[in-house]
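Participant: The structure under discussion is supplied below as structure tokens; questions concerning it will follow.
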Amino acid sequence: MAKLFVANTITDLILGDIDEHLPINRIPLSGTVLGLGTTTATDNGELVFLPDFEQNKTSIYKCNPTDGKTYSLSPTSEVDHFPYVCFTNDISKEGIEIDVSNFNITNSSLTEIVTQSINQCGIKASYYGVYIESTWSSVVLTIASKLCLWQWARMKNFVSDDIFSAEDNIYTSLQHFYCADQEHPDNPMKYLGKANSWRLIGMYASEPKTGLVTVPQPNQNLHIHGICKEKNWGGHVHHEHKMSKLLHIDSLIIYPLQEVEVIESDLTIKDAVWLDDNLVFTVVNQGLLDVSNLQIHIVPNNQYSSYIGCRIPWLSAGNSFQINIPKNKIKLKTGKNIINIIADPDNLILEANENNNIMTLEVSISPV
């Protein structure tokens, strides 16, 4: 059965920084795998999943936000992690090729064309994978960058929500690029060069408001990333932009996705003991995403003014990290003490279960 996996959501990405990541080496790329996503905050860019039907495998390309260039990523890499990514399992046998010969290509938006194609395939689903081989006279791209993403969580104190919304500006705030037969000197967008043939890979959401694969706004059903035939430029395709001119569709395949799994983090504290005048405990990431910049607070006797903080820079999914705090670092009193150990005290990590982030330990301190 065709299945969609989602690590975090578009809504999460809009609202601010994401500290949960899925590494590329956990994405199975055998067969036809459709997907899209963004790269890490320290290495910005967009992801394009590119199936090779003849070789029966899929490659992932990173699109660079400074120049629009694309780079093939190694599927075994341990350094390429994605704060947002959605992808399918191998859906080689699930595709429905659509006859678009009767579609009015030049006078229809790409969203309208894909919607007609979904209606033609006749299979109801909440999400659909989309693969298109197409020809354009000009196409507009953006590529996500941490430095220019409109992030509502940071900007809400400076901009009125009545004027703007994060969803409105998630793309308009990014640098725009365009490919066309010739450069337009008066156009403020950056000209990349001539590239007519594009392979488009993306997702269609029947209900965009879920925010899993598209911006959660009405009529924002289609989220498309693309790469040109020469594989040297790519990014988020602004198919609705007034300068994007679609000429022809050579192939269009719809993949109904019948099942959805959201991949999440899950942090917990285990094995807290007072051992040889040391507080010893283990932080466990029992979720499916790697976590970065994880804060831990140790709070004695419900007095946050006396808390001790520590940070785990990176904790991979399924791994644990033991922390040892000596007695002289903790402000304890003689007699009975209650120590609360809190993982992610500010709830910055997006988790499936927030109820297992605190462990309480009772410690008795003898008089000196």
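Participant: Being surrounded by fewer than 18 Cβ atoms within 10 Å (Cβ to Cβ) and not charged (D, E, K, R) is the filter here, so list the residues in region 61-72 that pass it.
Facilitator: Across region 61-72, the qualifying residues are T66, Y71, S72.
Participant: Report, by residue number, each residue of region 101-129 that is touching a His at 6+ places or on another chain (Cβ under 9 Å) and hydrophobic (A, V, I, L, M, F, W, C).
Facilitator: Applying the first criterion (touching a His at 6+ places or on another chain (Cβ under 9 Å)) to region 101-129 yields 105-106, 109-111.
Listed by number, the residues that qualify are I105, L110.
Participant: Let me ask you something else. Any residue that is closer than 27 Å to Q120 by Cα, over 22 Å from the mean Cα position of the chain (by Cα) and not β-branched (V, I, T) - is there at least one of those in region 296-306?
Facilitator: Let us first name the residues in region 296-306 that are closer than 27 Å to Q120 by Cα, namely none.
There is no residue in region 296-306 that is closer than 27 Å to Q120 by Cα, over 22 Å from the mean Cα position of the chain (by Cα) and not β-branched (V, I, T).
Participant: Next question, about the same structure. Could you list, in sequence order, all residues of region 119-156 that are assigned to a loop (DSSP other than H, G, I, E, B), crowded, with 18+ Cβ neighbours inside 10 Å and at pLDDT 95 or above? Working first, answer last.
Facilitator: First pass over region 119-156, keeping only residues assigned to a loop (DSSP other than H, G, I, E, B): 122-126, 143-151, 156.
Add one more test, that the residue is crowded, with 18+ Cβ neighbours inside 10 Å, and what stays is 125, 143-145, 149-151.
Once the filter is applied, which keeps residues that are assigned to a loop (DSSP other than H, G, I, E, B), crowded, with 18+ Cβ neighbours inside 10 Å and at pLDDT 95 or above, region 119-156 yields only A125.
Participant: If E20 meets every condition in (1) open to solvent by 10 Å² or more (accessible area, probe 1.4 Å); (2) over 17 Å from G129 (Cβ atoms) apart from one, which number is that one?
Facilitator: For E20, the failing item is (1).
Participant: Among the strands (runs of 3 or more DSSP E) lying completely within region 8-112, list those that include at least 3 residues that are under 23 Å from C179 (Cα atoms) and within 22 Å of the chain's Cα centre (by Cα).
Facilitator: Details: elements: 20-23, 35-38, 46-52, 57-63, 70-72, 84-88.
So the answer is 35-38, 46-52, 57-63, 70-72.
Participant: Before we move on, is V368 open to solvent by 20 Å² or more (accessible area, probe 1.4 Å) and touching a strand residue (DSSP E or B) at 6+ places or on another chain (Cβ under 9 Å)? If you could, list the steps in order and put the result at the bottom.
Facilitator: On the way: open to solvent by 20 Å² or more (accessible area, probe 1.4 Å): yes; touching a strand residue (DSSP E or B) at 6+ places or on another chain (Cβ under 9 Å): no.
In short, no.
Participant: Look at region 311-327 and say how many of its residues are open to solvent by 10 Å² or more (accessible area, probe 1.4 Å), part of a strand (DSSP E or B) and of a type in the set (A, V, I, L, M).
Facilitator: Matching residues across region 311-327 total 2.
Participant: Based on what the data block shows, is I27 open to solvent by less than 30 Å² (accessible area, probe 1.4 Å) and either at pLDDT below 90 or among the aromatic types (F, W, Y) (or both)?
Facilitator: Numbers: open to solvent by less than 30 Å² (accessible area, probe 1.4 Å): yes; either at pLDDT below 90 or among the aromatic types (F, W, Y) (or both): no.
So I27 fails the test.
Participant: Let me ask you something else. Which of the strands (runs of 3 or more DSSP E) contained wholly in region 246-310 include at least 3 residues that are of a type outside the set (A, V, I, L, M)? Can you show your working first?
Facilitator: On the way: elements: 259-263, 267-274, 278-285, 290-300.
Fully inside region 246-310 and qualifying: 267-274, 278-285, 290-300.
Participant: Still on this structure: Evaluate the following for L4: is it among the aliphatic types (A, V, I, L, M), touching a residue at least 60 places away in the same chain (Cβ under 8 Å), farther than 28 Å from K242 by Cβ and crowded, with 22+ Cβ neighbours inside 10 Å? Please lay out each step first, then the result.
Facilitator: Numbers: among the aliphatic types (A, V, I, L, M): yes; touching a residue at least 60 places away in the same chain (Cβ under 8 Å): yes; farther than 28 Å from K242 by Cβ: yes; crowded, with 22+ Cβ neighbours inside 10 Å: yes.
Yes; evaluated as a whole, the condition is true for this residue.
Participant: A further question follows. Identify the residue in region 76-115 that is within 29 Å of R26 (Cβ to Cβ) and either touching a Cys at 6+ places or on another chain (Cβ under 9 Å) or among the basic types (K, R) (or both) and, among all such residues, is surrounded by the most Cβ atoms within 10 Å (Cβ to Cβ).
Facilitator: Residue satisfying both the conditions and the ranking: I96.
Participant: Still on this model: Evaluate the following for D277: is it surrounded by fewer than 17 Cβ atoms within 10 Å (Cβ to Cβ), modelled with pLDDT under 95, more than 16 Å from Y204 (Cβ to Cβ) and among the acidic types (D, E)? Before the answer, list the steps.
Facilitator: On the way: surrounded by fewer than 17 Cβ atoms within 10 Å (Cβ to Cβ): yes; modelled with pLDDT under 95: yes; more than 16 Å from Y204 (Cβ to Cβ): yes; among the acidic types (D, E): yes.
Answer is yes for this residue.
Participant: Now for a separate question. Considering only residues that are in contact (Cβ under 8 Å) with a residue 40 or more places away in the chain, under 30 Å from T32 (Cβ atoms) and either outside any strand (DSSP E or B) or touching a helix residue (DSSP H, G or I) at 6+ places or on another chain (Cβ under 8 Å) (or both), which ones fall in region 176-199?
Facilitator: Restricting attention to region 176-199, the residues satisfying the condition of being in contact (Cβ under 8 Å) with a residue 40 or more places away in the chain are 176-181, 187, 189-190, 192-193, 195-199.
Okay, now just the ones that are also under 30 Å from T32 (Cβ atoms), so 177-179, 192-193, 195-199.
Answer for region 176-199, where residues must be in contact (Cβ under 8 Å) with a residue 40 or more places away in the chain, under 30 Å from T32 (Cβ atoms) and either outside any strand (DSSP E or B) or touching a helix residue (DSSP H, G or I) at 6+ places or on another chain (Cβ under 8 Å) (or both): A195, N196.
Participant: May I pose another question? Within region 44-60, identify whether any single residue is out of contact with any Ser or Thr (no Cβ under 8 Å at 6 or more places or on another chain), open to solvent by less than 30 Å² (accessible area, probe 1.4 Å) and of a type in the set (G, A, S), and answer yes or no.
Facilitator: Residues of region 44-60 that are out of contact with any Ser or Thr (no Cβ under 8 Å at 6 or more places or on another chain), as a first pass: 54-55.
Applying the additional criterion that residues be open to solvent by less than 30 Å² (accessible area, probe 1.4 Å) yields none.
Taking every residue of region 44-60 in turn, none turns out to be out of contact with any Ser or Thr (no Cβ under 8 Å at 6 or more places or on another chain), open to solvent by less than 30 Å² (accessible area, probe 1.4 Å) and of a type in the set (G, A, S).
Participant: Next question, about the same structure. Exactly one condition in (1) open to solvent by 20 Å² or more (accessible area, probe 1.4 Å); (2) among the hydrophobic types (A, V, I, L, M, F, W, C); (3) not in a loop (DSSP other than H, G, I, E, B) is not met by L348; state its number.
Facilitator: The number of the failed condition is (3).
Participant: Now for a separate question. Go through (1) open to solvent by less than 60 Å² (accessible area, probe 1.4 Å); (2) at positive phi and name the single condition A343 misses.
Facilitator: (2)
Participant: Residue by residue through region 38-86, note down the ones that are within 17 Å of V213 (Cα to Cα) and modelled with pLDDT of 95 or more.
Facilitator: L47, V48, F49, V85, C86, listed by residue number.
The values are calculated or read from the model by the stated rules, or taken from the named source; none is laboratory data. Model, not experiment: these values are computed from the prediction. Cβ sites come from the backbone with ideal geometry, for glycine too, and all protein chains shown count toward neighbours. Note: accessible area is taken over every heavy atom of the protein model, side chains too, but ligands, DNA and RNA are not part of it. Shrake-Rupley method; radii C 1.70, N 1.55, O 1.52, S 1.80 Å.
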